[in-house]
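For reference, the structure discussed in these notes is given below.
The values are calculated or read from the model by the stated rules, or taken from the named source; none is laboratory data. As the structure is a prediction and not an experimental result, all values here were calculated from the model. Every residue, glycine among them, receives a Cβ derived from its backbone with ideal geometry; neighbour counts consider all protein chains shown. Accessible surface is based on the protein model in full, side chains and every heavy atom, while ligands, DNA and RNA are left aside. Shrake-Rupley method; radii C 1.70, N 1.55, O 1.52, S 1.80 Å.
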Amino acid sequence: MNSSQPYISTASEHDYELLSCYLDNQLSAAEGSDLERRLGQEPALRVALAELRATTEALRTLDPLQPTRSFTLDATSLRRSQRSFNGILPFASGLAGLVMLLLASVQLLTVPPATAPAPMAAMASPPVATERTMAEAEREEPALLSAAATESADLQQPEVAVSTSPEPPLLLLIFGTVLIGFALGWWLLQRRV
Amino acid sequence: MTNEEQRLIEASRLGDLEAFNQLVRIYEVRIYNLCYRMLGDHDAAADVAQETFITAFAKIGHFRGNFFRAWLCRIATNECYDLLRARKRRPTLSLSAHHDLDEQPFDLPDRGESPDEFAQRRELAAAIQESIEQLPSDQRIVVILSDIQGFTYEEIATVTATNLGTVKSRLSRARSRLREILRAKGCLRLD
């Protein structure tokens, strides 16, 4: 099985490519004769060629293996494979992604940046309640007034930040893009033979 | 591609399963061997070969050209790549992936081959298979197709969906790397 190699070949990567093509008769006549001239002059290149030839010959000694069963198809195996994945999920996710992108585009295009969107408007009610609470507190306990005023200021601050936040359309954009990406990826995978 | 093969392909396109099964019988050993050399595992190779023929039957309507075996090998290669990627994500140890004993389950000694020679041949085959598995998958497929299956560079380019230049450089790197591994194992015969 083994044999001792007293010398080590030191050919470059380009030389190996030339030698590999030379073994398969893939060099042009000019390249072939140039390489043969070098082989006559460079012992290291001759060693490299001998080793490459020995490598390909070792690979060619591998006998074909006999499979342990036949791979002929029957109706049952075909039905099973068709049932396993029929492409509805990618189609549905692509469609859902498209709808999400459309919704996000509509939201981004129709809502003026300064106006609070409908869900945000609902959040504007707490200050009214806070005002009423403050009026009652003024009547009942003047000492609490200053604390309630601080609380009210805290509640109103986030309202400004939230009312201009474009998060819902952005989330829709992201999810939509991901779903369409999944559907496209599946489609490309199916096109691959 | 022979006329008979062309006829079988046309019949298969029309849904004739028996015609397709004749194509399977022609190519099953080749496809199984390609899968085994890529994966190094008999069970996985058999599963992938089966999947290859199922896919081929489903997509035979898309087949164009004259290289049917290259087209089949391309399907098998893609299936092997999918499995190798899945293995990378979820590494498992296959019980049948031992090359020392089961390189060839039904291998018998050649006529005139002594038990020693037979054992030596199997040992060499196992060492070569181990060496092939150490190559990156893009180089592995090229060297299997070229040096084990005897494909031309053009066919290899079709199977791997690359150009001739890429085939040449991958093959050269694969052979060079294999040479190093086999030399380290003491498996290279220099006459």
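Seen against the Cα atoms of chain B and their longest principal axis, helix B:68-89 is set at about 60 degrees. Other residues lying with their Cβ under 12 Å from the Cβ of residue B:149 contribute a combined charge of +2, Lys and Arg counting +1, Asp and Glu -1. For chain B, the alpha carbon convex hull comes to 154 Å³ per residue, rounded to a whole number. Between A and B, roughly 5000 Å² of accessible area is buried in total, ligands, DNA and RNA not counted and the probe set to 1.4 Å. A Stokes-Einstein calculation at 25 °C with viscosity 0.890 mPa s, built on the Kirkwood radius of segment A:13-60 over Cα pairs, returns a diffusion coefficient of 226 µm²/s.
Stokes-Einstein diffusion for segment B:133-191 at 10 °C, viscosity 1.306 mPa s, with a Kirkwood radius from C-alpha pairs, works out to 135 µm²/s. Round to the nearest 10 and give me the degree value, 0 to 90, for the angle of helix B:115-133's Cα axis relative to the longest principal axis of chain B. Result, in degrees: 70.
The Cβ shell under 11 Å around residue B:9 holds other residues with a net charge of -1, Lys and Arg each +1, Asp and Glu each -1. A simple spin-label model places pseudo-atoms 7 Å from Cα toward Cβ; at residue A:110 and residue B:89 they are separated by 3.9 nm. At 1.4 Å probe size, what's the solvent-accessible area of residue B:158? Round to the nearest 10 Å². Accessible area, nearest 10 Å²: 60 Å². Taking label positions 7 Å along the Cα-Cβ direction at both residue B:166 and residue A:13, the computed distance is 1.7 nm, reported to one decimal.
Modelled spin-label separation between residue A:24 and residue A:36, with each label point placed 7 Å from Cα along the Cα-to-Cβ direction: 2.1 nm.
Computed over every Cα-Cα pair of segment B:1-80 and binned at 10 Å starting from 0, the pair-distance distribution P(r) comes out as 20, 54, 23, 3 percent. Restricting segment B:1-83 to trypsin sites (Lys or Arg not before Pro) that sit in a DSSP loop and have at most 16 other Cβ atoms within 10 Å of their own Cβ leaves B:64.
Just to be sure I understand: with springs between alpha-carbon atoms less than 10 Å apart, which residue in B:56, B:86, B:45 has the highest mean-square fluctuation in the Gaussian network model of chain B? Among B:56, B:86, B:45, the largest mean-square fluctuation in the Gaussian network model of chain B belongs to B:86.
Axis angle, to the nearest 10 degrees, between helix B:42-59 and the longest C-alpha principal axis of chain B: 20 degrees.
The mean number of Cβ atoms from other chains found within 10 Å of a Cβ in peptide B:175-181 is 6, as a whole number. Computed on protein heavy atoms with a 1.4 Å probe, the accessible areas place A:91, B:68 in the order A:91, B:68, largest first.
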